[in-house]
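Here's the structure we're looking at; comments come further down.
The values are calculated or read from the model by the stated rules, or taken from the named source; none is laboratory data. Because the structure is a prediction, the values reported are computed rather than measured. Cβ placement follows ideal geometry from the backbone for every residue including glycine, while neighbour counts extend to all protein chains displayed.
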Amino acid sequence: VWTGPKVNDMAHASLASDGAEMLLRLAQHDGNGIFHCWGSEAATRLQLAHHVADVFDFDHSLIVPVPTDPNVLEHFRHVRIPFRTVANSEKTYRILGRRTYDVIDGLRAFKREWVAFQATQLSQQRR
């Protein structure tokens, strides 16, 4: 897991299908303003990696924080990257009546989607 300067260390992990559902709800609503439709919980890169290991039963000892590759840092030196992207989604919840997934629930939903996708692929290969 890359760490160090110019790395967005904390953000809201989001499942695309969850965000898409929220956007569809927004499209059917007459509210205005800023609505945060990404994951409801912020996590660091390292926390996210460990949550992935938990949900997918991976070996935590394989998760190691490492410095960001200097070549990457040099290549993106002029890009302004927010170090911590953390936002409150309470307004979105109040208006739309639903919260987006937190990290663990989002990963569990992703795992269900992945298993279903794999089953579909296997079924198509057998034809």
>> Could you check the range 1-39 and list, in sequence order, the residues that are more than 27 Å from P65 (Cβ to Cβ), part of a helix (DSSP H, G or I) and of a type outside the set (K, R)?
In response: S17, D18, G19, A20, E21, M22, L23, L24, L26, A27
> Going by the conditions given, is F35 modelled with pLDDT under 95 and either buried (at least 16 other Cβ atoms within 10 Å of the Cβ) or within 17 Å of G106 (Cβ to Cβ) (or both)?
Replying inline: yes
> Could you say which residue among D105, D57 is free of Cβ contacts under 8 Å to residues at least 24 places away in the same chain and either surrounded by 14 or more Cβ atoms within 10 Å (Cβ to Cβ) or of a type in the set (K, R) (or both)?
Replying inline: D105
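This table checks each residue for (1) at pLDDT below 90; (2) surrounded by 13 or more Cβ atoms within 10 Å (Cβ to Cβ); (3) hydroxyl-bearing (S, T, Y).
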residue	(1), (2), (3)
G4	yes, yes, no
V7	yes, yes, no
A16	no, no, no
A20	no, no, no
Q28	no, no, no
E41	no, yes, no
D69	no, no, no
V86	no, no, no
> Out of all the residues in the range 1-60, which are out of contact with any strand residue (DSSP E or B) (no Cβ under 9 Å at 6 or more places or on another chain) and among the acidic types (D, E)?
Replying inline: D18, E21, D30, D54, D57, D59
>> Take the conditions under 20 Å from the mean Cα position of the chain (by Cα), among the hydrophobic types (A, V, I, L, M, F, W, C) and in a loop (DSSP other than H, G, I, E, B) and apply them to V55. Does it pass?
In response: no
> Just checking, how many residues over the range 26-56 are under 24 Å from R84 (Cα atoms) and acidic (D, E)?
Replying inline: 2
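To keep it simple, each residue is scored yes or no on (1) over 19 Å from H50 (Cβ atoms); (2) more than 18 Å from the chain's Cα centre (by Cα); (3) surrounded by 10 or more Cβ atoms within 10 Å (Cβ to Cβ); (4) without any contact (Cβ under 8 Å) to a residue 60 or more places away in the chain.
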{"site": "V79", "(1), (2), (3), (4)": "yes, yes, no, no"}
{"site": "Y101", "(1), (2), (3), (4)": "no, no, yes, no"}
{"site": "Q118", "(1), (2), (3), (4)": "yes, yes, yes, yes"}
{"site": "S123", "(1), (2), (3), (4)": "yes, yes, no, yes"}
>> Just to verify a result, which residue in the range 58-89, among those that are out of contact with any His (no Cβ under 7 Å at 6 or more places or on another chain), assigned to a helix (DSSP H, G or I) and of a type outside the set (S, T, N, Q), is nearest to V115 (Cα to Cα)?
In response: L62
> Of everything in the range 80-103 that's of a type outside the set (F, W, Y) and in contact with a helix residue (DSSP H, G or I) (Cβ under 6 Å, 6 or more places away or on another chain), which residue is farthest from D30 (Cα to Cα)?
Replying inline: V103
> Which condition number in (1) surrounded by fewer than 15 Cβ atoms within 10 Å (Cβ to Cβ); (2) modelled with pLDDT of 90 or more; (3) of a type in the set (A, V, I, L, M) is the one that L96 fails?
Replying inline: (1)
